[in-house]
1. How many residues does the range 1-11 contain that are in a loop (DSSP other than H, G, I, E, B), out of contact with any strand residue (DSSP E or B) (no Cβ under 6 Å at 6 or more places or on another chain) and surrounded by 17 or more Cβ atoms within 10 Å (Cβ to Cβ)?
2. Please go through the range 109-133 and give me each residue that is out of contact with any helix residue (DSSP H, G or I) (no Cβ under 9 Å at 6 or more places or on another chain) and in contact (Cβ under 8 Å) with a residue 60 or more places away in the chain, ordered by number.
3. Kindly check whether there is at least one residue in the range 173-190 that is modelled with pLDDT of 90 or more, out of contact with any Cys (no Cβ under 8 Å at 6 or more places or on another chain) and surrounded by 20 or more Cβ atoms within 10 Å (Cβ to Cβ).
4. Restricting attention to the range 19-67, report how many residues are over 28 Å from Asn133 (Cβ atoms), among the aliphatic types (A, V, I, L, M) and surrounded by 13 or more Cβ atoms within 10 Å (Cβ to Cβ).
5. Name the pairs whose Cβ atoms lie under 9 Å apart, with the first residue in the range 147-165 and touching a residue at least 24 places away in the same chain (Cβ under 8 Å) and among the small types (Gly, Ala, Ser), the second crowded, with 17+ Cβ neighbours inside 10 Å and outside any helix (DSSP H, G or I), and 6 or more positions between them or separate chains?
6. Within the range 103-134, take every residue that is surrounded by 20 or more Cβ atoms within 10 Å (Cβ to Cβ) and polar (S, T, N, Q) and give me the one that is nearest to Val189 (Cα to Cα).
7. For Ile30, which of the numbered conditions (1) within 25 Å of Ala120 (Cα to Cα); (2) modelled with pLDDT of 95 or more fails to hold?
8. What is the residue count in the range 191-215 for residues that are at pLDDT 50 or above, out of contact with any Gly (no Cβ under 6 Å at 6 or more places or on another chain) and under 27 Å from Val20 (Cβ atoms)?
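The values are calculated or read from the model by the stated rules, or taken from the named source; none is laboratory data. Since this is a predicted model, take the numbers as computed values, not measurements. Here the Cβ is made from the backbone with ideal geometry for all residues, glycine too, and neighbour counts use every protein chain on show.
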Amino acid sequence: MKHTLKITLLLISLFFITQVVGLSITNNYIDHQITAVSGITTFEALPYKLERPQIKESTSYLWLLSAILVGTLLLLVLMKFKKMSLWKLWFFLAVFSTMAIAFSAFIDHTIAAILAFILALIKIYKPITLIQNLTEVFIYGGLAAIFVPIINIFAAFMLLMLISIYDIIAVRYTKHMVKLAKFQTKSKVFAGLLIPYGKGKIVTKEKEISKKRGGRIAVLGGGDIGFPLIFAGVVMKDLMLNNPELIGFLKTLIIPLFVSLALFYLLVKAKKDKFYPAMPYLTVGCVMGYLIVLLFF
């Protein structure tokens, strides 16, 4: 087992909460009145005059995969030349914008932007585990609000499959994903959930973590959170056409449930202090959850 049962259950619980919150954010961007009349799932515009990419749904996975590869290459360059400040600025802008979009699904846009700015500053420049995980809960909902409207179910499947293959190559063969994870952890700017071990409790202050050098940290990368959420969001988009809003949302939760079970299986079977490509397991969870929705609901 990769982590203690307590840490494992906490990590999975945070993962599931992030999926539920992300789907809630995405759902709040759906204009259900127009959708009911038009028979086409219609999304509200993004706040702050932001625009979603103008690409075809059926080929959107190619655009997204290309963007991911370019982004990874840029991050590798920053890592090679030890440009921590540029990485932190890039990450700050991403965190700020996605959280502002996420918060705007529930509160006034101006208040959302101010709150996102403050949390992003704390996350980047005064990191503590509580803020790290709290912000991660909302970041991926903001991403889903951007990308779910431009992806159809075929593209969502293709994205999962290609990312799973890429994850295997990046972790087991080239190992650059492992290097990136270590680089992010060292810079204290990490995209994903992070739970440090403490003496019988979860450490919540970064200076406490530094005092426990050699202590273990349970992490789950941002991609492992974001891609299953986007897939579930695309499924929810289709479910909203033939179901009342609440029923469509509850049916969609079957997918995060199965993905959480797949994550639990991986963490139980995984060995301590060894890196594993999580996306192949999470993709299986996504597919199983989707099949259950199709067959029984």
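1. So the answer is 1.
2. Within the range 109-133, Leu130 is the sole residue that qualifies.
3. Checking the range 173-190: not a single residue is modelled with pLDDT of 90 or more, out of contact with any Cys (no Cβ under 8 Å at 6 or more places or on another chain) and surrounded by 20 or more Cβ atoms within 10 Å (Cβ to Cβ).
4. Residues meeting the conditions: 4.
5. From the range 147-165, the pairs are Ser164/Pro277.
6. Gln132
7. (1)
8. Count: 5.
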